[in-house]
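Notes follow once the structure below has been shown.
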Amino acid sequence: MDWMLSSGGAPSMVLLPLGIRYNSQYYISIPCLSYLDDLVVQLKSDDKKTHSRRRGLGYVDVINTDLKPILILSSKNDEPEIFRSAVRLLAEISTPIECLVFEETINHANGKSPNVIYELTQLLYKCKEAFLDLSVIQAIVHNLEHLLEKQALSSEETIFITFALVLFRNVLHAPERPPAAQQDQLVCNLFSQKFDGFLLKLLACPQRGDWAAVITQIISVIFKDRPVENIRNRFRIRMETSGSENYDESNNSSDEVGQNSTPNDVSKFLDQFVVDFMLGYGYNVVVGILHQQLLRDKNLPLDKPQFFWLIAYFLGFASILKLDFQSIKNVLHIDILCYLTWEAVCEIGRLDKNTLQRSMDANPRRIHRCVRAIHEYLQAFQVYSRLDCTRVNISGPGSTHEYQRWSYLLCGYLPAMRDLRQLFVLLLRQFNSKFHCRRLLCDIITGNHLLMTTLKQADEFPACGPRFDLTEHLSQFCTKTILARYGSALTDFRTNRPFINDSIFTILLHVKNDLGKIDLLLHPVILRPFVKIWEESFDICDSWHTLIECVLQTFWKNHQSGNYSIDSYPWNTTTDGLADEENLTLTKAKQPAGNNNPSFNVLHTDTQVVVNQLKISGFQKQLIWIQSSLLAACSARLGTYVGQEFRNPIASLSLRTNMPCPIIPWTEEESSALNSDLFYSLMFLIGLIPPTSCDSVYPCIPHEWSPDTVYNVALVFENVDQQNVDFDLACVCKSELNNRVAGSLFDISTDGSHQQICQISAEEYQKQDEILASLPEVPLNVWEWMEKSAELGEIWTPDIEDAAISDVANGVNELGLYDKFSSREDEESAME
């Protein structure tokens, strides 16, 4: 029965016979269970424009009127089916507004009417306030604890625990009615009922994989808006004052039960949870589970930045608490660092695309969380690799050997991780103060510093791959774009932490001493903070003062010679330290469609001719970059990196996650190549330009390409020497490829897969070449029109008239592609 339709979406007490209150006592009705289940169904089929059913439940205050007493009574009277249905309904009612689907209406383009949002917000207020009643929490936690006492959980019981966790997550996430003071009370209520211990017990169950994601979400909401440095400082003070090597585990904050919590009570609860979470292996377990799930399940109900946050927020406690290696071995695993590197690259590509499209999904915080996780990983590695194994709590058989083996191996792995080193170069280039916060810039700079110092330390160990040249790597920092980032960060030298200033000066000193590029430091963005530091006699080490003195003297000599002055220098700086025109330029792959975009000529459809023209034009290094990326992807497809993904995380993890392999323009030189019309057209011809449905704006190697295909595409650039690859060339077959190496121009479907739409003979290819060559000029919007047609499987006609598209359409018609598409559609219809 749909009670709500008969009342216009606002159910009354008569139409919701869940129970009745008589003489101040609530009585559960006999058909209550079926009504609860029916309400869940009703909510799931709610109107996506008005959410009238959900708002109706708020209108009659079903939470306080019925569900609270039902929870308490069914728990007391041992009626598990009614209790679990009530929990499930509450979990559905408390769904965050941002997780609901809203359809557009006439008056509201995004579908979110202010009145609807207001009423839904009021409903969430009531959800949160209901859990301020300790008896509600006691009823739920008591039932959950009772289930865990069983030797084995049924599938229904496992699902119920999931719903209970979702309910707690939703209630913790729900907004609080002003004045905001309910979240702390709610946390205290939960922890006073040993909720923290219950979460850790769940992570010890065989079914922990079913709950790891939602437990992470609960923890992230509990610690939201609670700066990690505040908690770490409390630990440091307690460790120093106690004079103990270990944190005192006897402190049990859960014994402090009260309805009027204080900030001190909340701090004690949180501190104790951190200790139990870290020492009880909960942190190690949940990170290991989520890492594996994120690799194999794209539909995991966990936002990846929450995983990044989990690593970054808690890893720093390991060294403070002097945890043994067993407690964090899943976290400080090389595969975690590989995964973070891969995800950082994906996030950069996604942000670039969303920013250009002005998408609401453009969220720079995702990158920051990933960078922060890498930063904390490198910092923890430095601390643990320097500790004598006798100074940490290593216990258990073979753990000392495992600790030493981990440190030894990781020091050998890091020099081989070129992708990680290049990631920081890319991050520095891509930083833009219009989108990113200054904290991100500081984390990038200090993270790079941690990596460089760790690599120097690792130089004493045998490398698990080719050694890297530190000087050659640092030479990539000798660009005005990257040095401007350092100068920009140095403008806050007074408020920067000493570690930030040291990280900045270390790179600037390398530029002057090791690379002999002092002229790159003679720019306003660097000179201005140098002058202020010198004038204020700011407290920095002697080496930095010497550097400043040398740079200022050099500038003064040049000024006296009349070369330039700080005021007249043509580098017109902005807050970023760069003129707008000097900011990272966008490649044509990144530019949105439009008639104002620059056009490019397809000079020839023979790829070898295009490659030769690019070599003559000075693009030899960039062609090697593309070929190297292709060969790395080929090697990954041949299984070369299995068990050694650190040697090439990008190629390895793109293959493992069934995604196209991005070809990353790490440097300005590589990025500039994609601004070349000729270079970009080559990428298009050989099938490396991603479809519009792809998350990345970078050239991508389709996941469907076999090792042979990838290898033969790499041969387009030049022959491959066995000494330059890490796989046996006998494992791949060399064959002649058509001019359009990836197939026809229309072979990329909307989901990014590679399909051979039509077989084209050599004669047809020649005819196509002649027709395409006869077209005078092909603007970018035409190529996008052609891609759009390929995605739809038909020739797509734009809503607006476009002369360029019209002209090329006539040429495409001569190619016979209209007929190709028609016959393909006929074949598909016949199959249906």
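The values are calculated or read from the model by the stated rules, or taken from the named source; none is laboratory data. Everything numeric here is computed off the predicted structure, so don't read it as measured data. Neighbour counts run over all protein chains shown; Cβ positions are idealised from the backbone, glycine included. Accessible surface areas use protein heavy atoms only, side chains included; no ligands, DNA or RNA. Shrake-Rupley method; radii C 1.70, N 1.55, O 1.52, S 1.80 Å.
Looking for something open to solvent by less than 10 Å² (accessible area, probe 1.4 Å) and touching an Asp or Glu at 6+ places or on another chain (Cβ under 9 Å) - is there at least one such residue anywhere in segment 452-471?
Scanning segment 452-471 turns up no residue that is open to solvent by less than 10 Å² (accessible area, probe 1.4 Å) and touching an Asp or Glu at 6+ places or on another chain (Cβ under 9 Å).
Just the residues that are under 25 Å from the mean Cα position of the chain (by Cα) and under 13 Å from Phe424 (Cα atoms), please, taken from segment 445-475.
Passing the criteria: Ile445, Thr446, Gly447, Asn448, His449, Leu450, Leu451, Met452.
Out of Ser681, Ser629, I need the residue that is at pLDDT 95 or above and in a helix (DSSP H, G or I). Which one? Don't jump to the end; show me each part of the working.
Working: Ser681 fails: at pLDDT 95 or above.
Result of the check over Ser681, Ser629: Ser629.
Of all the residues that make up segment 535-586, how many are under 30 Å from Trp666 (Cβ atoms), part of a loop (DSSP other than H, G, I, E, B) and at pLDDT 55 or above? Walk me through how you get there before you give the answer.
Residues of segment 535-586 under 30 Å from Trp666 (Cβ atoms): 543-544, 547, 551, 569-586.
Checking the rest, the ones that are also part of a loop (DSSP other than H, G, I, E, B) come to 569-579, 583-586.
Next, only the ones that are at pLDDT 55 or above stay: none.
Residues that pass the stated criteria total 0.
Based on what the data block shows, is Ile394 open to solvent by less than 20 Å² (accessible area, probe 1.4 Å) and either closer than 29 Å to Val697 by Cα or modelled with pLDDT under 95 (or both)?
Taking the combined requirement at face value, the residue does not satisfy it.
Within the bounds of segment 520-531, is there any residue that is within 20 Å of Ile374 (Cα to Cα) and either out of contact with any strand residue (DSSP E or B) (no Cβ under 9 Å at 6 or more places or on another chain) or open to solvent by 40 Å² or more (accessible area, probe 1.4 Å) (or both)? Break it down stepwise before answering.
To start, the set of residues in segment 520-531 that are within 20 Å of Ile374 (Cα to Cα) comprises none.
No, segment 520-531 has no match at all.
Here is a check on your reading of the model: is Phe317 farther than 23 Å from Gly643 by Cα, assigned to a helix (DSSP H, G or I) and either basic (Lys, Arg) or open to solvent by less than 20 Å² (accessible area, probe 1.4 Å) (or both)? Break it down into steps so the answer makes sense when it comes.
Numbers: farther than 23 Å from Gly643 by Cα: yes; assigned to a helix (DSSP H, G or I): yes; either basic (Lys, Arg) or open to solvent by less than 20 Å² (accessible area, probe 1.4 Å) (or both): yes.
Yes, satisfied.
Which residue out of Val141, Val60 is open to solvent by less than 10 Å² (accessible area, probe 1.4 Å) and within 25 Å of Leu186 (Cβ to Cβ)? Lay out the reasoning, then the answer.
On the way: Val60 fails: open to solvent by less than 10 Å² (accessible area, probe 1.4 Å).
Of the residues listed, the single one that is open to solvent by less than 10 Å² (accessible area, probe 1.4 Å) and within 25 Å of Leu186 (Cβ to Cβ) is Val141.
Would you pick out the residues in segment 617-652 that are open to solvent by less than 10 Å² (accessible area, probe 1.4 Å) and in contact (Cβ under 8 Å) with a residue 40 or more places away in the chain?
Within segment 617-652, Leu623, Ile626, Leu630, Ala633, Cys634, Ser635, Phe646, Pro649, Ile650 meet the criteria.
Give the residue, chosen from Ile689, Ile701, that is within 19 Å of Met659 (Cα to Cα), β-branched (Val, Ile, Thr) and in contact with a Phe, Trp or Tyr (Cβ under 9 Å, 6 or more places away or on another chain).
Being within 19 Å of Met659 (Cα to Cα), β-branched (Val, Ile, Thr) and in contact with a Phe, Trp or Tyr (Cβ under 9 Å, 6 or more places away or on another chain) holds for just one of Ile689, Ile701, which is Ile689.
Of all residues in segment 285-315, which are more than 18 Å from Cys338 (Cβ to Cβ) and modelled with pLDDT of 95 or more?
Hits for segment 285-315 are Val285, Val286, Trp309, Tyr313, Phe314.
When segment 670-690 is examined, which residues are found to be farther than 23 Å from Leu426 by Cβ and either within 26 Å of the chain's Cα centre (by Cα) or of a type in the set (S, T, N, Q) (or both)?
Ser681
Quick one: which of Leu420, Leu410, Leu414 is modelled with pLDDT of 95 or more and buried (at least 19 other Cβ atoms within 10 Å of the Cβ)?
Checking each option against the conditions leaves just Leu420.
In segment 145-163, which residue that is open to solvent by 40 Å² or more (accessible area, probe 1.4 Å) and among the polar types (S, T, N, Q) is modelled with the highest pLDDT?
Among residues in segment 145-163 that are open to solvent by 40 Å² or more (accessible area, probe 1.4 Å) and among the polar types (S, T, N, Q), the one modelled with the highest pLDDT is Thr162.
Looking at Arg21, Arg88 in this structure, which one is out of contact with any strand residue (DSSP E or B) (no Cβ under 7 Å at 6 or more places or on another chain), modelled with pLDDT of 95 or more and open to solvent by 40 Å² or more (accessible area, probe 1.4 Å)?
Arg88
Any chance segment 70-78 includes a residue that's assigned to a loop (DSSP other than H, G, I, E, B) and not aliphatic (A, V, I, L, M)?
Looking for residues that are assigned to a loop (DSSP other than H, G, I, E, B) and not aliphatic (A, V, I, L, M), one finds at least one in segment 70-78, hence yes.
Under the condition of being in contact with a strand residue (DSSP E or B) (Cβ under 7 Å, 6 or more places away or on another chain) and at pLDDT below 90, which residue from segment 684-694 is farthest from Ile664 (Cα to Cα)?
Going through the qualifying residues, I end up with Pro691.
Restricting attention to segment 116-129, which residues are touching a Leu at 6+ places or on another chain (Cβ under 8 Å) and closer than 26 Å to Phe191 by Cα?
Leu123, Cys127, Lys128, listed by residue number.
Mind listing whichever residues of segment 682-725 are open to solvent by 10 Å² or more (accessible area, probe 1.4 Å) and hydroxyl-bearing (Ser, Thr, Tyr)?
Residues satisfying the conditions are Thr692, Ser693, Ser696, Ser706, Thr709, Tyr711.
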